[in-house]
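What follows is a set of notes on a single structure, which appears directly below.
The values are calculated or read from the model by the stated rules, or taken from the named source; none is laboratory data. Worth saying up front: this structure is predicted, and the values here are computed from it rather than measured. All Cβ positions, glycine included, derive from the backbone under ideal geometry; neighbour counts span all protein chains shown. Only protein heavy atoms, including side chains, enter the accessible area calculation; ligands, DNA and RNA are left aside. Shrake-Rupley method; radii C 1.70, N 1.55, O 1.52, S 1.80 Å.
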Amino acid sequence: MEAFRLMKELKVNFDQEINYLPKEAGLALIESTQENGRGISAKCRNAKVEDLWSLTSFFGYSTQTFVLAVNLLDRFLAMMKVQPKHLACISIGCLHISAKVVEQECNISSTHELIRISQSKFTVSDLSRMEKIISEKLNFEFKAITALTFLHLYHAIALSHTSDRKQVLNQDKLEAKLKACLCRIVFSKAKPSVLALSLLTLEIEALQFVDTLEIAQRIQRHLKISDSELQHWRGLVAQCLSEYSSPECSKPDHKKLVWIVSRRTAQNLHSSYYSVPELPTIPEGGWDEESESEDWYEDVSSGEESLSSSLGSDAEGPYFPMHYRCQSRKSPTF
C-alpha cells in the first residue's frame, strides 16, 4: 500500500516538474555570456551558488533550503536581464525566501545577519526590495518540485521494496552529490526527475546493489524516461562528481569564511590579544555567604559583558546568529 502511494505521488510530481524549470533560452544566454561582459556569465552564477552552499552550511540550513534557493535563483536569472553587481543581492534574497519557506521560524537568520555574514555591501532595505521583486516575478511559486523531491521519493520507494537492509542507500551522501551538481549551471537544464535518477543509478552501480538497481529500472519505465536521455545525464553527472572529488577542486562545503574587519576593530583585537584580564578571586567561604557570592557574580558578569562587546564587528546586532541562540534552548533535531 505504501509503495502504491509513493508511485502515485511520484507520477504527480513528474507531471508538474516542468512548471518549475528555468527557461532554456535564458540559461543558454547565461552560458554564452563572456565572463567580463555586462550580463551574468555561467562562471559568475556558479560562484554564487557555491557561496550559497557555504552560507547554508554556516547557518545550519537543510539541503532542501539550498536546493530551493538555487531553483529560485536560476528561474529568476533565466527570465530577467541582470547586471553582475546585483547578483549578490539576488542570490541572498533567494536564500532568505527559501529559508522562510523551508526552515522553522526560530532557525531563520535575520536579513541583517545574512548581509553581515556574507559580507555584502547592500542594505537591509535593498534586500527587502529585491525579495519583493523576485517574489513577484516568480508569481510567488516557491514550493518548487526539484531534483531533491525526486531523490527523496526514489529513496523511499527503494526502501519500501528492499528486504535486504544491507542494500540501503545513504540519503545524505546522495544529497551531497546533488549539491555538487547544482553548482554547475548545466544541470539546471536537466529535468529534476532525470537528474535524481542519474545520481541514484550511479550510486547503486557503484555499490553493486542488484535488487535496488531493478527497482530503479522499474521507476525509469514507470516514468517513461528514455535510455538515451538517462545515459546523457548520467555521463555528465559522473564527470562532475569525478572532478569534484579530485584534490584540485575547492569544496564549497569546506570553504573557510574570510572576515574583513575595520581598522578600529583590528586594533582592538590586536591589543586584547596581549592584555590578560585580571580574574576575580573565587571566595573560599561557603556558598551560603550571599553577599560575597553576589559580589563575585557581578564582577564576572561585568567582565563577560565587556568581553562580548569587544568581539563583534562594528556593525550593530548580536554577535552570534539568532538560530544558534534558539538551538541552545532545545535539543537538536535530525
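Miscellaneous remarks
- Test: residue 109 is in contact (Cβ under 8 Å) with a residue 60 or more places away in the chain, assigned to a loop (DSSP other than H, G, I, E, B) and not basic (Lys, Arg): yes
- When the stretch 57-66 is filtered for residues that are surrounded by fewer than 24 Cβ atoms within 10 Å (Cβ to Cβ) and in contact (Cβ under 8 Å) with a residue 60 or more places away in the chain, the ones remaining, listed by number, are 57, 58, 59, 60, 63, 64.
- The stretch 180-209: number of residues that are in contact (Cβ under 8 Å) with a residue 40 or more places away in the chain, open to solvent by 30 Å² or more (accessible area, probe 1.4 Å) and part of a helix (DSSP H, G or I): 3
- Of all the listed residues (19, 13, 46, 36), the sole one being open to solvent by 60 Å² or more (accessible area, probe 1.4 Å), out of contact with any Asp or Glu (no Cβ under 9 Å at 6 or more places or on another chain) and either farther than 14 Å from residue 182 by Cβ or in a helix (DSSP H, G or I) (or both) is 36.
One line per residue, one yes/no per condition, for (1) at pLDDT 95 or above; (2) among the hydroxyl-bearing types (Ser, Thr, Tyr); (3) under 19 Å from residue 187 (Cα atoms):
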site	(1), (2), (3)
20	yes, yes, yes
25	yes, no, yes
32	no, yes, yes
52	yes, no, yes
61	yes, yes, no
70	yes, no, yes
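- When 72, 29 are checked against the criterion of being in a helix (DSSP H, G or I) and under 16 Å from residue 183 (Cα atoms), 72 stands alone in meeting it.
- Exclusive hit being at pLDDT below 95 and either in a helix (DSSP H, G or I) or closer than 30 Å to residue 37 by Cβ (or both), set 85, 100, 143, 132: 85
- Single residue of 143, 81, 137, 121 found to be free of Cβ contacts under 8 Å to residues at least 40 places away in the same chain, more than 30 Å from residue 214 (Cα to Cα) and open to solvent by 20 Å² or more (accessible area, probe 1.4 Å): 121
- Condition met for residue 226 (of a type in the set (Ser, Thr, Tyr), over 27 Å from residue 73 (Cα atoms) and open to solvent by 10 Å² or more (accessible area, probe 1.4 Å)): yes
- Selected residue (criterion: farthest from residue 151 (Cα to Cα)) from residues of the stretch 87-106 that are touching a residue at least 24 places away in the same chain (Cβ under 8 Å) and not hydrophobic (A, V, I, L, M, F, W, C): 93
- Among the residues of the stretch 162-216, those that are modelled with pLDDT of 95 or more and of a type in the set (S, T, N, Q) comprise 188, 193, 198, 201.
- Applying the condition of being over 24 Å from residue 52 (Cβ atoms) and among the aliphatic types (A, V, I, L, M) to the stretch 162-179 and asking which residue is surrounded by the most Cβ atoms within 10 Å (Cβ to Cβ) yields 169.
- Residue 45 farther than 24 Å from residue 109 by Cα and either at pLDDT below 95 or of a type outside the set (Phe, Trp, Tyr) (or both): no
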